[in-house]
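Below is one structure, written out as structure tokens; the observations come after it.
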Amino acid sequence: MSKKNHVDIISEDNAKPFQPPKIFKEKALVNDEKPYREAEKDRLAFWAKKADNLQWSKKWEQVLDDSNPPYFKWFVNGKLNVSANCLDRHVENGLSDKKAILFEGEEGDTISLTYAKLLKEVNKFCNVLSDLGVARGDAVTIWMPMIPEAVVAMLACTRIGAVHSVVFGGFSPDALKDRILDSRSKLLVTADGANRKGKVLPMKGMAEEALQLCPSIEKVVIVERAGSDYEVTEGRDLLWKDLMKNADENFSPAEMDAEDPLFILYSSGTTGKPKGILHTTAGYLVGVNTTHRYVFDHHEDDIYWCTADIGWVTGHSYIVYGPLSNGSTVFIYEGTPDYPNRDRFWELIEKYKITVFYTAPTAIRSFMRWGNHFPAGHDLSSLRLLGSVGEPINPEAWLWYHEHIGKTKCPIVDTWWQTETGMIMITPLPGLTPLKPGSATKAFPGIDVDVVDDQGYSTGPGQRGFLVIKTPWPAMLRTLYEDHERYEHTYWKQYPGLYFTGDGAWKDSDGYLWIMGRVDDVLNVSGHRIGTMEVESALVDHQSVAEAAVIGKVHEIKGHAITAFVTLKEGVDGSEELLKELKTHVGKKIGAIARPEEIFFTYELPKTRSGKIMRRLLRDIAEQRDLGDVTTLMDPQVVKAIKNNYSDK
Ligand code: WT7
């Protein structure tokens, strides 16, 4: 059903789609519509069949239990172990000597681990964990650089049945502390330091700041990576290498229930407190195993490189669990793309003969800025498939990636998903889907997504709306750790029965999905996407500005015109001159395209009682719509004042 509400029409993109190259298509795992047809016919039967690709110690009895929404159970009563699926079964199937991990450090040092060797290392660390008192169900925090030990630690947790919480190495000690406290971890695995562009980040020293405030931590295991000095707390701090030296190389994987917690991963929400996103065992593994195989067209001889950090969900799903459960060879690099030179990634692709490369638009835009000569100086002919994730990829970056990295012979999979979804949800299948630069194309087989308006009605082609997921999927989050209420509120209250992604999107007349980014913070100005936050930061960067809220006002030609509401610091007058100065300031900070078309000074911004700026209301004011109920605002008078001020203009 289509019902027009507060949605605006977006013009069609008529560019001719890119067809999969013939050679790619011929060898692709999927090159016809069969998986889509199968899943359409019977979604649960489709997923049941995919579950057969895993090794179960006891087969599940029911594919999906949806009797108590929004709490769903997948593969009910099935038993399995994630590490056994990622390691043992490959070793049993003759892949002992196949490389599981190829690693290169920032300084060029290398490590390679076969599946047999990785299994041994994992088993040893299981014995270490077990000796340190970590048992099934315990939480373990992992705060580490991008080194193989991080993968070993994760897999060892899954083998024991402990729940890992990997915290991104770039977070501050304060963020680490919050996450340790929330998960009540007993053990921290960390490193002395991390190599960062030729310098050393003293991780253990930083972790100490957090540990002072984390009484739950009983033991700290330290990998010596960067030769960084640190203080040792006797009885608590232990060295990885000492513990591993004599550890037994055998450890039986725990038989886990399909719905046993697998990991917690913290992600930012609209409040200050991070959300502990909880994933469970079987559904997650079925989801990432299937999507990794199909989306990255897994071939046995692939050398697969996903440049994400292990501390993000992309690292969990598409460095560790997806590829290893498929027996892939995963390349891991410790450092950044610009050290020692801006061709570091291209050098590595050439050296390791990387075949599949998965990175983020923000990186691609940096590569573009740095110049074509960096990739041009290397042989990138091993590449056959490229991927993108994390934000909408602007067509210009897509085309550059296609030409300068893929040399026009590699399909690009633009994959939309979230920490919450656990697995890729919207994506092309590279041997099949015609590509339109900037569109993540269509839902993966067995996934039901839609774009709906304010009322929850399906939008028509070209109408902007909200991206929702209509039916449960295997790798979905099960709840927010110890906060069911927030889980229900954040994802299931907006539209009863639908999962709310928080993203804006539209469909074109071919049914292709175009993701606009988070609903509150994305603008489209003359085809350029600009984050409201970006413009807001540029505004508050000016010495006269106390606070700023930025919205996109619908504009016939540009799509959106940037409109800013600004409160000034005490004693500053809102003169015409200052107005011009602020516009110029934003232009200088971001670029002419981000220059606000309109700026309004106001004594206060409309905020909810919890202090969240109500951008929606500002949009309604700018587009002269009725405001409805504003009584939940901290100061209901504010909107009246802004409205009067606005119509005076
Ligand atoms: C948000 C999720 C999924 C792993 C990395 C980020 C945005 C992600 C795309 C894409 C447009 C995308 C969305 C989503 N996003 N991929 N291909 N096209 N937008 O995980 O931190 O949980 O963020 O990233 O806004 O909701 P995350």
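The values are calculated or read from the model by the stated rules, or taken from the named source; none is laboratory data. All of these numbers come straight from a predicted model, not from anything done at the bench. As a convention, Cβ positions derive from the backbone with ideal geometry for all residues, glycine included, and neighbour counts pool all protein chains shown. Calculation scope for accessible area: heavy atoms of the full protein, side chains included, ligands and nucleic acids excluded. Shrake-Rupley method; radii C 1.70, N 1.55, O 1.52, S 1.80 Å.
Which one is farthest from the ligand (Cβ to nearest atom), of the residues in the stretch 479-499 that are among the hydrophobic types (A, V, I, L, M, F, W, C) and crowded, with 18+ Cβ neighbours inside 10 Å? The selected residue is LEU498. Among the residues of the stretch 164-186, the ones that are open to solvent by less than 10 Å² (accessible area, probe 1.4 Å), farther than 21 Å from LYS120 by Cβ and not small (Gly, Ala, Ser) come to 4 in all. Given the residues ALA247, ALA226, which is the only one that is in contact with a Pro (Cβ under 9 Å, 6 or more places away or on another chain) and assigned by TED's automatic domain parsing to the domain that holds ARG136? None of the other options fit; the residue is ALA226.
For the stretch 384-395: of the residues being surrounded by 19 or more Cβ atoms within 10 Å (Cβ to Cβ) and in a loop (DSSP other than H, G, I, E, B), which is farthest from the ligand (Cβ to nearest atom)? Filtering first and then ranking leaves ARG384.
Scanning the stretch 575-607 for residues that are in a loop (DSSP other than H, G, I, E, B), open to solvent by 40 Å² or more (accessible area, probe 1.4 Å) and modelled with pLDDT under 90 returns ILE590, ARG595, TYR603, GLU604. Within the stretch 29-49, the set of residues being under 26 Å from LEU385 (Cα atoms) and within 26 Å of the chain's Cα centre (by Cα) comprises LEU29, VAL30, PRO35, TYR36, ALA39, PHE46, TRP47.
Within the stretch 291-313, residues that are closer than 22 Å to LEU95 by Cα and within 16 Å of the ligand (Cβ to nearest atom) sit with their Cβ atoms under 7 Å from residues that are part of a helix (DSSP H, G or I) and hydroxyl-bearing (Ser, Thr, Tyr), at 6+ positions apart or across chains, in these pairs: HIS292/TYR318; CYS306/THR314; CYS306/TYR318. Just one of the numbered conditions (1) of a type outside the set (A, V, I, L, M); (2) under 30 Å from SER57 (Cβ atoms); (3) touching a residue at least 60 places away in the same chain (Cβ under 8 Å) is not true of PRO145: (2). Scanning the stretch 396-411 for residues that are in contact (Cβ under 8 Å) with a residue 60 or more places away in the chain and either touching a Gly at 6+ places or on another chain (Cβ under 9 Å) or within 7 Å of the ligand (Cβ to nearest atom) (or both) gives a single hit, PRO411.
Is it true that some residue in the stretch 364-380 is under 22 Å from the mean Cα position of the chain (by Cα) and in a loop (DSSP other than H, G, I, E, B)? Checking the stretch 364-380: not a single residue is under 22 Å from the mean Cα position of the chain (by Cα) and in a loop (DSSP other than H, G, I, E, B).
Of the numbered criteria (1) hydrophobic (A, V, I, L, M, F, W, C); (2) within 14 Å of the ligand (Cβ to nearest atom); (3) touching a helix residue (DSSP H, G or I) at 6+ places or on another chain (Cβ under 6 Å); (4) not in a loop (DSSP other than H, G, I, E, B), the one PHE331 fails is (2). Checked against (1) crowded, with 22+ Cβ neighbours inside 10 Å; (2) more than 16 Å from ALA39 (Cβ to Cβ); (3) in the same structural domain as PRO261 (by TED's automatic domain parsing), ILE515 meets all criteria but (3). In the stretch 453-475, the residues that are free of Cβ contacts under 8 Å to residues at least 40 places away in the same chain reach residues that are open to solvent by 30 Å² or more (accessible area, probe 1.4 Å) and more than 16 Å from the ligand (Cβ to nearest atom) with C-beta atoms within less than 7 angstrom, at least six apart or across chains, in these pairs: LYS470/ASP448.
Among the residues of the stretch 46-94, which ones are open to solvent by 50 Å² or more (accessible area, probe 1.4 Å) and either part of a helix (DSSP H, G or I) or not assigned by TED's automatic domain parsing to the domain that holds VAL320 (or both)? Across the stretch 46-94, the qualifying residues are LYS49, GLU92, ASN93, GLY94. Selection of the stretch 314-328 for residues being within 13 Å of the ligand (Cβ to nearest atom) and either among the acidic types (Asp, Glu) or open to solvent by 10 Å² or more (accessible area, probe 1.4 Å) (or both) yields only THR314. On the stretch given as the stretch 359-383, residues that are within 20 Å of VAL295 (Cβ to Cβ), crowded, with 18+ Cβ neighbours inside 10 Å and away from the ligand (no atom under 16 Å from the Cβ) total 1. Filtered by the rule that a residue be in a loop (DSSP other than H, G, I, E, B), within 13 Å of the ligand (Cβ to nearest atom), of a type in the set (Val, Ile, Thr) and open to solvent by 10 Å² or more (accessible area, probe 1.4 Å), the stretch 412-452 gives a lone residue, THR419.
For the stretch 206-243, which positions are closer than 14 Å to GLY170 by Cα and either open to solvent by 50 Å² or more (accessible area, probe 1.4 Å) or at pLDDT 95 or above (or both)? The one that is closer than 14 Å to GLY170 by Cα and either open to solvent by 50 Å² or more (accessible area, probe 1.4 Å) or at pLDDT 95 or above (or both): ALA207. Pairs are defined by a Cβ separation below 8 Å, a sequence spacing of at least 6 or placement on different chains, a first member in the stretch 427-445 that is under 26 Å from ASP42 (Cβ atoms), and a second member that is basic (Lys, Arg); the pairs so defined are THR427/LYS442; PRO428/LYS442; GLY431/LYS25; GLY431/LYS27; LEU432/LYS25; THR433/LYS442.
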